[in-house]
Amino acid sequence: MIKRSFSYGQLMFGKFDRSKLEAWAIAGQLNENTLDRIGHVGRFYQRVSMACPNRNLKISDVLTNDVLQKFWKEAADEGTEIGQCPLVH
């Protein structure tokens with residue numbers, strides 16, 4: 001069986017709903033890299049939500065690109081090549 005693979009951009013900005021992604025994960029239809037990316041994105045957004053508790057504000061109104069990149073790196077598993085945070089322009 002060929003397993004699905006999604007990039008960081010697809011996971012963060014994709015047009016599929018979360019329940020579909022969860023169903024693929026439970027069914028074993030996602031490759032290991034995608035599962036690692038999902039964990040990384042989840043940890044990253046957890047850090048961002050703790051730093052920006054007011055949901056009425058945009059992330060860019062509260063956090064600088066440097067802080068976002070710092071959170072991105074800190075949320076990654078050690079030794080993982082992650083590149084630039086997709087939210088940083």
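Report the residue count in the range 44-89 for those that are closer than 13 Å to Y8 by Cα, at pLDDT 90 or above and not aliphatic (A, V, I, L, M).
The number of residues fulfilling the criteria is 7.
Which one is surrounded by the fewest Cβ atoms within 10 Å (Cβ to Cβ), of the residues in the range 33-89 that are out of contact with any helix residue (DSSP H, G or I) (no Cβ under 7 Å at 6 or more places or on another chain) and basic (K, R)?
R55
The values are calculated or read from the model by the stated rules, or taken from the named source; none is laboratory data. Everything numeric in this text was worked out from a predicted model, so none of it was measured. Neighbour counts are summed over all protein chains in view; Cβ atoms, including those assigned to glycine, are modelled from backbone coordinates with ideal geometry.
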